[in-house]
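Readers should treat all values here as calculations from the given coordinates under stated rules, not as data from a laboratory. A quick note: this is a predicted structure, and the numbers were derived from the prediction, not measured. Because the Cβ atoms are built from the backbone with ideal geometry, glycine has one as well, and the counts that use them run over all protein chains shown.
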Amino acid sequence: MAEDERKEQEERQAQFPNVPRAPQVPEPPKMTSPLPPHPAKPRPGAVEPGGYNKLALATTAATSFIMPIIVLSVGGWWLDQKMHHATAWFAMSGVLVGLVVGVSALLKIVSRLE
C-alpha cells in the first residue's frame with residue numbers, strides 16, 4: 001500500500017510540478033518630492049471657485065421663465081379644445097398663470113446668482 005501511495009505521489013508530481021520560488025524583490029525607493037507653495041491669491045484670468053455653478057444657473061434662467069408659460073398655455077388650449085369653448089379662457093388663464101410662475105422662478109434663480 002505504501003508503494004501505491006508513492007506511485008500516486010510521483011504521478012501527481014509529474015502531472016503538477018512544483019512551482020518555483022518567487023525571487024527576492026528589493027524594497028521600493030521612498031520618494032519625497034516637495035510640493036509647490038499654495039497660491040495665496042488666484043491668478044489673473046483664472047476661474048473663481050463656484051464660477052461654473054453660477055454659469056449653469058444663468059443658462060437655466062431663460063428656460064425656467066419660458067417653460068411654465070408654454071406648458072400652462074398649451075394645457076389651457078387643450079382644455080378649451082376638449083370642452084369645445086368658443087373663446088380660449090383656459091388658454092388665456094394658462095398664459096397668465098404661466099407668467100406668474102415663470103417670473104417667480106426667474107426671481108428665485110436671480111437671487112441664487114447673487
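Here are a few things to note about the model shown:
- Here the contact order of the stretch 63-114, divided by its residue count and restricted to Cα pairs under 8 Å and six or more residues apart, works out to 45 percent.
- Whole-Å distance, taken between Cα centres, linking the stretch 72-111 and the stretch 1-47: 68
- Judged by the mean number of other Cβ atoms found within 10 Å, the most tightly packed of the peptides 10-17, 74-81 leads the ranking 74-81, 10-17.
- GNM result for the chain, Cα springs below 10 Å: residue of Leu35, Leu96, Leu72 fluctuating most strongly: Leu35
- Across the stretch 22-27, coupling constants 3J(HN,Hα) worked out from phi with the 6.51/-1.76/1.60 Karplus curve, θ = phi - 60°, read 6, x, 6, 9, x, 5 Hz, and Gly and Pro carry x.
- Estimated vicinal HN-Hα couplings, Hz - the stretch 73-89 in sequence order (Karplus 6.51, -1.76, 1.60; Gly, Pro = x): 5, 5, x, x, 4, 5, 5, 4, 5, 5, 8, 6, 7, 6, 9, 8, 5
- Restricting the calculation to Cα atoms, the chain shows an Rg/Rh of 1.69 when the hydrodynamic-style radius is the Kirkwood one.
- In sequence order, the stretch 28-35 has phi-based couplings of x, x, 8, 9, 10, 10, x, 8 Hz under the Karplus curve 6.51 cos²θ - 1.76 cosθ + 1.60, θ = phi - 60°, and Gly or Pro positions carry x.
- Radius of gyration over Kirkwood radius for the stretch 63-114, both on Cα atoms: the Rg/Rh ratio is 1.16.
- Degrees separating the helix 2-15 axis from the principal Cα axis of the chain, which is the longest one: 50
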